[in-house]
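Written out below as structure tokens is the structure these notes cover.
The values are calculated or read from the model by the stated rules, or taken from the named source; none is laboratory data. These numbers were taken from a predicted model, which means no experiment stands behind them. Cβ sites come from the backbone with ideal geometry, for glycine too, and all protein chains shown count toward neighbours.
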Amino acid sequence: MMHSVTPELREWLDNLKADGERQLSAAELAEIIESVVSTLHGSLVQPAENGGQSASADTAESESLSADATVAEALTALSEFDKNGPAFVNLSEEIDNIRTVTQDAANSILAVTEDIENFAVEDDGAMQAAVFDVTNAIFEACNFQDITGQRLTRVEEMLRHIELSVTRAMAVLGDADAIERSKELSDVVEQEDSRKEEHILHGPQDAGIANSQEEIDKILASFD
Amino acid sequence: MAVDLEMPVLIVDDYKTMLRIIRNLLKQIGFNNVDEATDGKAALERMQQRKYGLVISDWNMEPMTGLELLKQVRVDESLRETPFIMITAESKTENVIAAKEAGVNNYIVKPFNAATLKSKLTSVLGDF
């Protein structure tokens, strides 16, 4: 694998080759090794600039530095991927917007449905029953807003967990802002987790895992 | 004895949309005297001011959950006989058992339909 060397080192090596009889002193040898390692290190931490090549004879320290640099770069990119501001904060705002929009939509549907029902209240006969069947179906369908709202809350909690992991890793790599932010997040996440455990909160379950109404009725009946 | 449709009913949920849905479904059945609260603490305060014939409550609310409300109601001498139905997305067995042990009269899992609500009301209060 070829690595470019600095012009100074190249000149020095060429002179040594030309003067093949001369023996190197220990100090000269050390200087050459240091210079070569420095060149290798440059190619390790900046692989892209070297066409993606990596050194085959890396030292453990160089590998570690390279990994740290790569991880730091990835974490920074993850936390700043949204150009409009802090990514995790923006994601939370987007989720809030979805919650508000769906809530407004559900309330608009309910308001219209209530108006329809009010027209039917005047009628005591078959028309009222037919209208109530339809409006019932609409009320039932609007359950979605509560369920999606709870699922969005769960997504927000998951995001906080991911943000905490990212900021903790950035803090370990020396990001001063991340140290403070990870402390704040850690408190929030800890409180959320402990509340969920204390109050037995799981939120909506996926079909197949959740107990159906029929299964719940059986559990209740087992107490009789 | 037929159910008194004029009795005050308290519905408790932190989602206003859900309060509206339950209120409308109760209205269709004939209950018109319905009050609302958005968490257990507010519900308890209301219950201490007015005698309710039925409480229908969600579970997951802050600062006081529906389960905490139920426990508070059951230890209060003046409130302990109030029929209490939980309507919640918490469908795990441990939740149902915890609610039953705390004294819940019935348990409806979200999303629910009008027929289920009416059936549970009949089970708790009697025929309409």
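Observations, loosely collected:
- Hey, A:LYS218 facing another protein chain (nearest Cβ under 10 Å) and touching a His at 6+ places or on another chain (Cβ under 9 Å) or not: no
- In the set (1) in contact with a Leu (Cβ under 8 Å, 6 or more places away or on another chain); (2) over 25 Å from B:VAL104 (Cα atoms), A:GLN191 fails one condition alone, (1).
- Tally of residues being exposed (fewer than 10 other Cβ atoms within 10 Å of the Cβ) and facing chain B (nearest Cβ under 7 Å) across the range A:191-204: 0
- The listed residue being loosely packed, with under 12 Cβ neighbours inside 10 Å and away from every other protein chain (no Cβ under 14 Å), out of A:ALA176, A:ALA207: A:ALA176
- In the range B:35-50, the residue that is farthest from the other protein chains (Cβ to nearest Cβ) out of those that are over 30 Å from A:SER194 (Cβ atoms) and in contact (Cβ under 8 Å) with a residue 24 or more places away in the chain is B:ARG50.
- Residue check for A:PHE139: among the aromatic types (Phe, Trp, Tyr) and either within 12 Å of chain B (Cβ to nearest Cβ) or within 20 Å of A:LEU91 (Cβ to Cβ) (or both): yes
- Checking A:VAL166, A:VAL121 one by one, the residue that is more than 12 Å from every other protein chain (Cβ to nearest Cβ) and of a type in the set (A, V, I, L, M) is A:VAL166 and no other.
- Considering the conditions (1) part of a loop (DSSP other than H, G, I, E, B); (2) closer than 18 Å to B:ASN113 by Cα, A:GLN145 is excluded by exactly one of them, (1).
- Residues satisfying the stated conditions in the range A:172-209, i.e. among the small types (Gly, Ala, Ser) and at pLDDT below 90: A:GLY174, A:ALA176, A:ALA178, A:ALA207, A:GLY208
Residue-wise test of (1) over 30 Å from A:HIS161 (Cβ atoms); (2) buried (at least 16 other Cβ atoms within 10 Å of the Cβ); (3) basic (Lys, Arg).
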{"residue": "A:VAL101", "(1), (2), (3)": "no, no, no"}
{"residue": "A:VAL112", "(1), (2), (3)": "yes, no, no"}
{"residue": "A:ALA120", "(1), (2), (3)": "yes, yes, no"}
{"residue": "A:GLY125", "(1), (2), (3)": "yes, no, no"}
{"residue": "A:ASN136", "(1), (2), (3)": "yes, yes, no"}
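- The set of residues from the range A:64-78 being of a type outside the set (Val, Ile, Thr) and modelled with pLDDT of 75 or more comprises A:SER66, A:ALA67, A:ASP68, A:ALA69, A:ALA72, A:GLU73, A:ALA74, A:LEU75, A:ALA77, A:LEU78.
- Some residue of the range A:171-192 being part of a loop (DSSP other than H, G, I, E, B) and charged (D, E, K, R): yes
- Neighbours by Cβ (under 6 Å, 6+ apart or cross-chain): first from the range B:13-34, closer than 16 Å to B:ARG46 by Cβ and more than 10 Å from every other protein chain (Cβ to nearest Cβ); second of a type outside the set (A, V, I, L, M, F, W, C) and in a helix (DSSP H, G or I): B:VAL34/B:ARG23
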